[in-house]
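Down below is the structure, laid out as structure tokens.
The values are calculated or read from the model by the stated rules, or taken from the named source; none is laboratory data. Given the structure is predicted, the values throughout are model-derived calculations rather than measurements. Positions of Cβ are generated from backbone atoms using ideal geometry, with glycine treated the same way; all protein chains shown enter the neighbour counts.
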Amino acid sequence: MKYWTYLILPLIVSCSGKIEEAPPEVAYYKEPYRPQYHFSPEEKWMNDPNGMVYFEGEYHLFYQYYPDSTVWGPMHWGHAISTNLITWEHLPIALYPDELGLIFSGSTVVDWNNTSGFGENGQPPLIAIFTYHDLEKEQSGTYDDFQYQGIAYSNDKGRTWIKYEDNPVLPNQGIRDFRDPKVMWHSPTESWIMTLAVKDHIEFYRSENLIDWTKLSDFGIDAGAHGGVWECPDLFEMETDDGQSRWVLLVSINPGGPNGGSATQYFIGDFDGREFVNENSPETILWLDYGTDNYAGVTWSDIPEEDGRRLFIGWMSNWDYARLTPTEKWRSAMTVTRELELVENQDGEFRVTSWPIIEYKDLIVSTQRIASDTMYRSYMIPLGHDLLDIQLDIDMSESNDVRVTFHNDQGDSLYLTYDRPGAMFTIDRGSCGKVEFEESFANIHVADHQIIENEIQLRIMLDRSSLEMFVDSGVLTMTEQVFPDRPLDQIHISSSGELEVSGKVNKLKSIWSK
Ligand code: FRU
């Protein structure tokens with residue numbers, strides 16, 4: 001058998017007493033490569049996370065969804081909810097294409113003051129703001145104005161949605177890429193701000209009622225990375241632990257990522273309700289993730305103040321190979337939910353870190369501690385489990401390199417290497433199971449990283465078909481899909497010098513059961 005499988009072959013005793021074999025049936029969420037603690041749709045194609053909002057005890061996750069195939073097609077908004085950001089309940093499709101077009105990416109807000117007038121019985125409505133994509137118009141090849149913004153509202157906690165009858169609310173003036181509205185409430189100016197991706201820059205719009213929009217400003221035509229089209233932006237204010245505040249603008253870009261294909265960059269600066277001012281030089285490029293599988297990620301709206309976290313989720317794939325990955329029933333998953341934080345580094349520069357949310361501790365079934373009081377060249381850690389949350393502190397005072405290998409008896413190996421003289425991380429998935437479905441998939445991915453003192457801190461979350469690495473409190477993140485032929489259930493840590501390794505391996509349980 002090519003993949004490891006979890007086929008259940010229950011024995012059924014028939015009336016005659018004869019033992020018959022029941023037809024093979026794949027148990028719920030147990031197919032080869034099915035993520036066990038990441039969100040993936042029950043079946044068919046998914047891309048960007050959309051419209052994430054918290055309302056009345058529920059975290060909503062909508063997503064770009066094509067219910068008829070495992071490759072991209074006419075887009076709907078799929079829907080799931082969670083009360084803990086870890087386990088998810090699938091709900092029916094929230095938004096279907098209509099005569100104005102397909103439903104592309106966008107956001108959802110709680111209209112607390114009923115500025116839109118769509119609320120009922122004194123309750124605030126949820127308002128979804130999304131891009132309509134008129135496929136026929138695009139395919140006719142004669143017009144460029146086939147993307148425009150529409151809204152829909154819900155008065156039953158997101159269960160059913162009514163599209164606004166006078167859509168679109170923001171028509172297109174003739175620009176091919178005009179999409180992915182992310183809306184936030186800006187208290188100082190008492191207005192809604194829409195951040196929109198427009199081909200090679202961002203446009204900001206303002207509204208008092210989510211219906212009538214006025215353009216405020218442009219940003220970015222000469223700043224950051226421009227190797228591809230700008231998509232799926234997000235704008236929010238963040239504070240460091242010591243109370244310094246900055247505005248952060250996330251911009252996904254495809255292609256043109258640091259290791260090829262799709263990736264998300266960010267800008268740090270100020271937003272006064274009209275304009276975003278980048279505080280770094282236009283040449284500065286900051287990547288949220290150096291892996292190739294974290295795209296189109298944005299943050300939750302309306303997280304209660306007493307929580308106060310900036311919660312993020314991304315699509316764990318890349319347009320370079322998203323349609324080709326070796327899964328059958330469904331295609332692609334989301335990253336783990338991450339908390340973004342603003343930090344100031346030793347050089348006084350502000351950076352955004354990513355870290356898995358604390359709630360993942362609830363999935364721990366057992367913990368294996370690693371503690372060495374002497375230095376070794378090599379540590380073998382057999383696990384017999386492949387759903388892992390690993391935290392390692394590695395003392396490199398006697399060594400210049402470290403390699404963490406995830407492997408199995410089948411010969412699949414996934415290598416994470418840090419090279420101190422080159423100040424560089426590499427991830428090599430080229431010898432780890434299925435790679436041949438697309439040419440670039442086996443490429444080695446690199447990221448610059450300078451360790452402080454002699455220590456390196458790694459957190460690695462491994463699921464059936466992904467690895468997410470967070471280095472030194474999350475200043476460096478790399479997210480990678482992997483398709484090993486059998487579970488990666490052994491770890492080997494090695495160096496050409498000697499290392500002192502301490503930490504723990506948390507074995508996690510699946511979130512999917514029925
Ligand atoms: C990003 C993206 C968005 C668009 C959506 C279409 O992955 O291209 O810009 O709205 O996907 O599915």
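If you go through region 220-234 one residue at a time, how many are within 16 Å of the ligand (Cβ to nearest atom) and within 22 Å of residue 353 (Cβ to Cβ)?
So the count comes out to 4.
Do any strands (runs of 3 or more DSSP E) entirely within region 52-100 hold 3 or more residues that are surrounded by fewer than 18 Cβ atoms within 10 Å (Cβ to Cβ), and if so, which?
Where strands (runs of 3 or more DSSP E) fall fully within region 52-100 and carry at least 3 residues being surrounded by fewer than 18 Cβ atoms within 10 Å (Cβ to Cβ), they are 89-95.
Can you tell me which residue is surrounded by the fewest Cβ atoms within 10 Å (Cβ to Cβ) among those in region 161-176 that are more than 16 Å from the ligand (Cβ to nearest atom) and free of Cβ contacts under 8 Å to residues at least 60 places away in the same chain?
Among them, the one singled out is 165.
Going residue by residue through region 425-433, is there one that turns out to be in contact with a Cys (Cβ under 6 Å, 6 or more places away or on another chain), of a type in the set (Val, Ile, Thr) and in contact (Cβ under 8 Å) with a residue 60 or more places away in the chain?
Scanning region 425-433, I find no residue that is in contact with a Cys (Cβ under 6 Å, 6 or more places away or on another chain), of a type in the set (Val, Ile, Thr) and in contact (Cβ under 8 Å) with a residue 60 or more places away in the chain, so the answer is no.
Among the residues of region 95-117, which ones are within 15 Å of the ligand (Cβ to nearest atom) and small (Gly, Ala, Ser)?
101, 105, 106, 107
Here's the yes/no breakdown for (1) over 27 Å from the mean Cα position of the chain (by Cα); (2) surrounded by fewer than 21 Cβ atoms within 10 Å (Cβ to Cβ); (3) touching a residue at least 24 places away in the same chain (Cβ under 8 Å):
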position: 109; (1), (2), (3): no, no, yes
position: 119; (1), (2), (3): yes, yes, yes
position: 132; (1), (2), (3): no, no, yes
position: 136; (1), (2), (3): yes, yes, no
position: 142; (1), (2), (3): yes, yes, no
position: 147; (1), (2), (3): no, no, yes
position: 154; (1), (2), (3): no, yes, yes
position: 178; (1), (2), (3): no, no, yes
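Among 203, 239, which is the only one that is touching a residue at least 60 places away in the same chain (Cβ under 8 Å) and either at negative phi or not assigned by TED's automatic domain parsing to the domain that holds residue 305 (or both)?
Among 203, 239, only 239 is touching a residue at least 60 places away in the same chain (Cβ under 8 Å) and either at negative phi or not assigned by TED's automatic domain parsing to the domain that holds residue 305 (or both).
Can you give me the number of residues within region 459-514 that are farther than 17 Å from residue 432 by Cα and among the charged types (D, E, K, R)?
The total comes to 8.
Could you please give the count of residues in region 118-135 that are away from the ligand (no atom under 16 Å from the Cβ) and either more than 18 Å from residue 170 (Cβ to Cβ) or modelled with pLDDT under 95 (or both)?
8
Restricting to region 158-179, count the residues that are assigned to a strand (DSSP E or B) and under 18 Å from residue 137 (Cβ atoms).
So the answer is 3.
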